[in-house]
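Reading through the structure tokens given below for one structure.
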């Protein structure tokens, strides 16, 4: 894979990738706003009543505490649902837009949203499968030191092979989720060194982007808009250049 050519293409078409990133960023921002509004609606009345009672020296009514706890539980459940849906929409729109860009299609908010609404269900299912794999992988934590190191290496590797590649195959090749994820597992077994290298690259990207994102406002916005687009585009290009020739 030609890294110089990749970065030249990304930066020469930064407006298109920025538009993709803005679409993804706005979905995630909207999810945060919706979750916050729901949180205030579910917990606000009970929380303010308890604060007022405490300020005035009254005992907190047990019903207020029950209402607050119930609202908090409801808030957590709804927030998780909102986050899952938003993640599916953002990922589908972003990966779909990159697929469209590579096909020579126009990159726009309407095309982003078209891919987002068409494939978000499959993206959610891929995310759930990845979450299940990660959950099972946590058993490595019972092994002192070596288990933690193995988990640290495994997590970004799984992200690449079981999330990014399957997401691309679902949209680009119209694979079913099962076929796409099983292809990811096949990459792990048949191209394990490459899979580890992909995980190492993702980890390195994450560290660099975390450092940039720590810059107040400007760094945060730059990573929020361009970070995910850069990662997705990189691994899609890497799949076509490095993985596919050895897989099929």
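Among the residues here, residue 138 qualifies as modelled with pLDDT under 95, touching a helix residue (DSSP H, G or I) at 6+ places or on another chain (Cβ under 8 Å) and in a helix (DSSP H, G or I). Candidates 87, 110, 97: the one that is part of a helix (DSSP H, G or I) and under 13 Å from residue 171 (Cα atoms) is 97.
Here residue 130 meets each of (1) modelled with pLDDT under 90; (2) in contact with a helix residue (DSSP H, G or I) (Cβ under 7 Å, 6 or more places away or on another chain) with one exception, condition (1).
From 146, 188, 221, grab the single residue that is over 26 Å from residue 20 (Cα atoms) and at pLDDT below 90. Outline the logic, then answer.
Details: 188 fails: at pLDDT below 90; 221 fails: over 26 Å from residue 20 (Cα atoms).
146 is the lone residue from the list that is over 26 Å from residue 20 (Cα atoms) and at pLDDT below 90.
The values are calculated or read from the model by the stated rules, or taken from the named source; none is laboratory data. Just so we're clear, the structure is a prediction, and the values are computed from it rather than from any experiment. So basically every Cβ, Gly included, is an ideal-geometry build from the backbone, and we count neighbours across all protein chains shown.
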